[in-house]
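The values are calculated or read from the model by the stated rules, or taken from the named source; none is laboratory data. Note that the structure is predicted; figures quoted are calculated from it, not measured. Cβ placement follows ideal geometry from the backbone for every residue including glycine, while neighbour counts extend to all protein chains displayed. For the accessible areas, the whole protein counts, side chains as well, though only heavy atoms, and no ligand, DNA or RNA atoms are used. Shrake-Rupley method; radii C 1.70, N 1.55, O 1.52, S 1.80 Å.
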Amino acid sequence: MSQLAYRRILLKLSGEALMGDEDYGIDPKVIHRLAEEIIEAQAAGAEIALVIGGGNIFRGAGLAAGGMDRVTGDQMGMLATVINALAMQDALEKLGAKVRVMSAIKINDVCEDYIRRRAIRHLEKGRITIFAAGTGNPFFTTDSGAALRSIEIGADLLLKATKVDGVYDSDPKKNPDATRFDRLTYDEVIGRNLQVMDTAAFALCRDSDMPLRIFDMDQPGQLLRILEGEPIGTLVQGRG
Ligand code: UDP
């Protein structure tokens, strides 16, 4: 077993990370690969919590832009995250992992209700624990849900998987001269308005000193390498 730099982590995956090259929904090959990487990291000795977004199915803001009541749209978005959590639970279990899904909104015919102390117990027992339905409140995102849960469970690191290899000063897909930051403070991220997570999520992490690493999970093996202490992507930590 390798020596890990972090014992307990929370990994945030966007719903879009499950889509692969599709326009909507879940690509079974992609979720299988992600599940393999998560299990590999767990086998190395980490306690792993997951938060998965719902943007591959519904986002409240998008539904509201189409004329739907925002709160109803957000509730649909939260339910979409439960669908993704169940899909990930299935993919992980097919590979032999022990998994629990806990939802912030009560839907306990399909998964457990979120209870903090029980969540910590699951992690201690080596169960990959998936937190579904974000914060349980409309007008929030799963980034805020991930920040909140990482603090509640006492994670050593919050990881956000994206499609780019860290935080840049401008969009690297549009600007070839964009520069990547190795490290940033939370105040720098908020002050420069770097759109990697929403401000509520950043503020929560800043106020609780939760370190955050943003990295590209499309590149295989990155998750384990980060847990082993490699400085991959961008680390956001501290104030000022
Ligand atoms: N959502 C919400 N409250 C939360 C978390 C999520 O209302 O605490 C809703 C919101 O509509 C959001 C949708 O669920 O757009 C899906 O989550 P998110 O957009 O964060 O997913 P991602 O972009 O990570 O796929």
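Taking only complete DSSP H runs, can you tell me which helices of the chain stretch 27 Å or more along their own long axis by Cα positions and average at least -0.5 on the Kyte-Doolittle scale? Before the final figure, lay out the partial values.
Values: long enough: 70-94 (36 Å, 0.22).
Sorted by number, the helices that extend far enough and score high enough are 70-94.
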Below 8 Å, C-alpha to C-alpha, sequence gap of six or more: please give me the relative contact order for the range 17-154 in percent.
25 percent
In the chain the accessible area split gives carbon plus sulfur, as whole percent at 1.4 Å, a share of 49 percent
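What area, in nm² and to one decimal, does the C-alpha convex hull of the range 140-194 cast on average over all directions? If you can, show how the numbers build up before the last one.
Working: hull surface 19.0 nm².
Its average projected convex-hull area is 4.8 nm².
With runs of 4+ DSSP H residues as the only contributors, calculate the mean residue ellipticity of the chain at 222 nm using -39,500 (n - 2.57) per run, divided by the residue total and rounded to the nearest 500.
Working: 8 runs with 88 residues, N = 240.
Counting only the DSSP helices, I get -11000 deg cm²/dmol.
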Gaussian network model of the chain, springs between alpha carbon atoms under 10 Å - residue of Asp74, Asp216, Asp21 with greatest fluctuation
Asp21
Considering only Glu152, Glu22, Glu36, give the residue with the highest GNM mean-square fluctuation for the chain, with springs between Cα atoms whenever their separation is below 10 Å.
Glu22
Hey, what's the chain come to in accessible area per residue, 1.4 Å probe, Å²?
47 Å²
Which value in Å does the Kirkwood hydrodynamic radius of the range 12-143 take, with 1/r averaged over all unlike C-alpha pairs and then inverted?
14.9 Å
Quick calc, the range 24-135, dipole around Cα centre from Cβ unit charges on Lys, Arg (+) and Asp, Glu (-), nearest 20 debye, gives 280 debye
Whole-Å semi-axes of the range 86-134's equivalent ellipsoid, largest first, each the root of 5 times a Cα gyration tensor eigenvalue?
17, 14, 7
How big is the range 117-168 by Rg and Dmax over its Cα atoms, in Å?
12.7, 38
About its Cα centre, what dipole magnitude does the chain give when the only charges are +1 on Lys and Arg Cβ and -1 on Asp and Glu Cβ, stated in debye to the nearest 20?
680 debye
DSSP-assigned coil residues among trypsin sites (Lys or Arg not before Pro) in the range 176-211, each with at most 13 further Cβ atoms within 10 Å
Arg192
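Which net charge results when you count Lys and Arg as +1 and Asp and Glu as -1 among the other residues whose beta-carbon is under 12 Å from that of Met76? Kindly include the intermediate steps, with their values, before the conclusion.
Numbers: positive: Arg59, Arg70; negative: Asp69, Asp74.
Local net charge: 0.
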Centroid-to-centroid separation of the range 180-240 and the range 44-101 [C-alpha atoms, Å]
22 Å
With both bridge residues required to lie in the chain, what share of the DSSP beta bridges run antiparallel, to the nearest 5%?
15 percent
Using the Cα centre of the range 131-240 as origin and beta-carbon charges of +1 (Lys, Arg) and -1 (Asp, Glu), tell me which of Ile151, Gly233, Val164 is placed farthest towards the positive end of the dipole.
Val164
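Where does the chain land on Rg(C-alpha)/(2.2 N^0.38 Å)? Mind showing how you got there, number by number?
On the way: Rg = 16.8 Å, N = 240, 2.2 N^0.38 = 17.7 Å.
Compactness ratio reported: 0.95.
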Taking a point 7 angstrom from the Cα of Glu188 along the C-beta vector, which residues in the range 205-240 have backbone N less than 20 Å away?
205-216, 230-240
Lys/Arg +1, Asp/Glu -1 at C-beta; the chain dipole; positive extreme among Asn84, Leu34, Ile9:
Ile9
Among Asn84, Asn108, Asn175, which one shows the highest mean-square fluctuation when the chain is modelled as a Gaussian network with alpha-carbon springs under 10 Å?
Asn175
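Over all directions, how big on average is the projection of the convex hull of the alpha-carbon atoms in the range 101-240, in square nanometres? Provide the component values of the computation, followed by the final result.
On the way: hull surface 38.0 nm².
Mean projected area of the Cα convex hull: 9.5 nm².
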